[in-house]
Amino acid sequence: MQNSSYNLSKQKNPSMSEHDFRRFSNLIYEECGVKISSTKKTMLTSRLTKRLRLQDITSFSEYYDYVTSRQGRSKELVHMINVVTTNKTDFFREPKHLDFLLKNCLPDLFQSKPMNLLKRLNVWSAGCSSGEEPYTIAMVLKEFFSKQRIGDFSILATDISTRVLETAERGIYPEKIVLPIPPNFKHKFLMRGKNSQKGLFRIVPELRNRVRFERLNLIEGNVFGIKTIMDIIFCRNVIIYFDRQTQIKLFKKFYNQLIPGGYLFIGHSETLNGINDQFVTVAISVYRKPI
């Protein structure tokens, strides 16, 4: 085993032909809706090389044949998607959204929903990456409901990458990652690691229990297959990786997944102009389904 491992590490990185690049970019688009332009060929080559080495495969052509085979689709495809998808997120990212959530969104939902339906607010973080977004939302909602003394909430957090979902479910982050969290929230919602865990922080069980993580491919099928109709959906900085046709299909599904009067948050650099005219714009990158 040692010689085999040594020889594999000494091999030159395989090169990706234009033919193989087109095949992989088409496969990735078909499976998760992400368009990979020719300018990202080097990036794709680098990321897939890791999978070739782990599978002891020496060429991209052979790897493509494997990942599209029946066995490869069941065992390897999800790992390929893990390495090619981009996952960038932060705690308390785009804070203006959180201000709008507290000052406008939640009060409006409270006024528009009958009291008997206010027992639980259903929120979805679509494209949750390693968990910073849904845990941020959970902190804000926990604070809000504590002051209201009525109702509760649950958060569904989904991503296509099993790798980031594993990190999210653990809820453990190094100090540099939790820096954006306000001090009072750190005190309430983080546990500080000791001894061998020094420098690490974990989300308190009270919040972790309110967030359910699941793998979901947003572009698969005509419906999401989620039974719960949502009050609020966050899908921020996700659609920039999709083409227009995929975006149109996606936001039609989001529209159907929301209650009348429900809110949709997208990234500050994103817009629904030319994509969906069913939603009503209520703030920058914030939309509402008409009541």
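The values are calculated or read from the model by the stated rules, or taken from the named source; none is laboratory data. Keep in mind the model is a prediction, meaning the values are calculated, not measured. Cβ sites come from the backbone with ideal geometry, for glycine too, and all protein chains shown count toward neighbours.
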(message) For the stretch 247-291, which positions are in a loop (DSSP other than H, G, I, E, B), touching a Lys or Arg at 6+ places or on another chain (Cβ under 7 Å) and within 23 Å of F110 (Cβ to Cβ)?
(response) F279
(message) With the requirement that a residue be in contact with a Phe, Trp or Tyr (Cβ under 8 Å, 6 or more places away or on another chain) and in contact (Cβ under 8 Å) with a residue 12 or more places away in the chain, what does the stretch 54-80 give you?
(response) Q55, F60, Y64, E76
(request) Inspect the stretch 85-95 for any residue being loosely packed, with under 15 Cβ neighbours inside 10 Å and within 19 Å of Y287 (Cβ to Cβ) and give the result as yes or no. (result) yes
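Condition check ((1) in contact with a His (Cβ under 7 Å, 6 or more places away or on another chain); (2) within 30 Å of V78 (Cα to Cα); (3) of a type in the set (A, V, I, L, M, F, W, C)) across all residues:
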{"residue": "I160", "(1), (2), (3)": "no, yes, yes"}
{"residue": "E166", "(1), (2), (3)": "no, yes, no"}
{"residue": "R170", "(1), (2), (3)": "no, yes, no"}
{"residue": "P180", "(1), (2), (3)": "no, no, no"}
{"residue": "K186", "(1), (2), (3)": "no, no, no"}
{"residue": "F189", "(1), (2), (3)": "no, no, yes"}
{"residue": "R192", "(1), (2), (3)": "no, no, no"}
{"residue": "N195", "(1), (2), (3)": "no, no, no"}
{"residue": "R202", "(1), (2), (3)": "no, yes, no"}
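Provide a single number: the residues in the stretch 3-31 that are modelled with pLDDT under 80, in a helix (DSSP H, G or I) and surrounded by 10 or more Cβ atoms within 10 Å (Cβ to Cβ).
The qualifying residues number 2.
Here's the yes/no breakdown for (1) closer than 24 Å to S269 by Cβ; (2) assigned to a helix (DSSP H, G or I); (3) touching a Ser or Thr at 6+ places or on another chain (Cβ under 7 Å); (4) among the polar types (S, T, N, Q):
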| position | (1), (2), (3), (4) |
| --- | --- |
| C105 | yes, yes, no, no |
| S129 | yes, no, yes, yes |
| L141 | no, yes, no, no |
| F144 | no, yes, no, no |
| S154 | no, no, no, yes |
| L165 | no, yes, no, no |
| A168 | yes, yes, yes, no |
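Would you confirm whether any residue within the stretch 67-76 is part of a helix (DSSP H, G or I), crowded, with 19+ Cβ neighbours inside 10 Å and not assigned by TED's automatic domain parsing to the domain that holds K188? Outline the logic, then answer.
Within the stretch 67-76, the first condition is being part of a helix (DSSP H, G or I), and the residues that meet it are 67, 70-75.
Filter again for crowded, with 19+ Cβ neighbours inside 10 Å, leaving 67.
Next, only the ones that are not assigned by TED's automatic domain parsing to the domain that holds K188 stay: 67.
Within the stretch 67-76 (the criterion being part of a helix (DSSP H, G or I), crowded, with 19+ Cβ neighbours inside 10 Å and not assigned by TED's automatic domain parsing to the domain that holds K188), the answer is yes, since at least one residue qualifies.
Residues in the stretch 46-58 that are among the hydroxyl-bearing types (S, T, Y) and touching a helix residue (DSSP H, G or I) at 6+ places or on another chain (Cβ under 8 Å): how many? Even if it seems obvious, please write down each step before you answer.
First pass over the stretch 46-58, keeping only residues among the hydroxyl-bearing types (S, T, Y): 46, 49, 58.
Those still in the list that are touching a helix residue (DSSP H, G or I) at 6+ places or on another chain (Cβ under 8 Å) too: 58.
Within the stretch 46-58, residues that are among the hydroxyl-bearing types (S, T, Y) and touching a helix residue (DSSP H, G or I) at 6+ places or on another chain (Cβ under 8 Å) number 1.
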(message) I'm checking my understanding of the structure. Among residues of the stretch 268-285 that are of a type outside the set (G, A, S) and in contact with a helix residue (DSSP H, G or I) (Cβ under 6 Å, 6 or more places away or on another chain), which one is surrounded by the fewest Cβ atoms within 10 Å (Cβ to Cβ)?
(response) Q278
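Answer with yes or no whether F234 is crowded, with 20+ Cβ neighbours inside 10 Å, under 17 Å from N104 (Cβ atoms) and touching a residue at least 40 places away in the same chain (Cβ under 8 Å). Talk me through it step by step, then tell me what you get.
Working: crowded, with 20+ Cβ neighbours inside 10 Å: yes; under 17 Å from N104 (Cβ atoms): yes; touching a residue at least 40 places away in the same chain (Cβ under 8 Å): yes.
In short, yes.
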(message) On the basis of being among the β-branched types (V, I, T), in a helix (DSSP H, G or I) and in contact with a Ser or Thr (Cβ under 8 Å, 6 or more places away or on another chain), does T89 make the cut?
(response) no
(message) I'd like to verify a number: residues in the stretch 215-236 that are part of a loop (DSSP other than H, G, I, E, B) and within 14 Å of P134 (Cα to Cα), how many?
(response) 1
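Residues to consider are L106, L121, L165; find the one that is without any contact (Cβ under 8 Å) to a residue 40 or more places away in the chain and surrounded by 21 or more Cβ atoms within 10 Å (Cβ to Cβ). Before the answer, list the steps.
Numbers: L121 fails: without any contact (Cβ under 8 Å) to a residue 40 or more places away in the chain; L165 fails: without any contact (Cβ under 8 Å) to a residue 40 or more places away in the chain.
After ruling out the rest, the residue left standing is L106.
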(message) Could you list, ordered by first residue, the pairs with Cβ atoms under 7 Å in which the first is in the stretch 127-145 and closer than 18 Å to L218 by Cβ and the second is surrounded by fewer than 23 Cβ atoms within 10 Å (Cβ to Cβ) and among the polar types (S, T, N, Q), at least 6 apart or interchain?
(response) C128/T158; S129/N87; S129/T89; S130/N87; S130/T89; S130/T167; G131/T167; E133/T89
(message) All but one of (1) touching a Ser or Thr at 6+ places or on another chain (Cβ under 8 Å); (2) closer than 12 Å to S130 by Cβ; (3) of a type outside the set (V, I, T); (4) at pLDDT 95 or above hold for R212; state the number of the condition that does not hold.
(response) (2)
(request) Could you grab me the full set of residues in the stretch 55-96 that are over 24 Å from T45 (Cβ atoms) and under 14 Å from the mean Cα position of the chain (by Cα)? (result) T89, D90, F91, R93
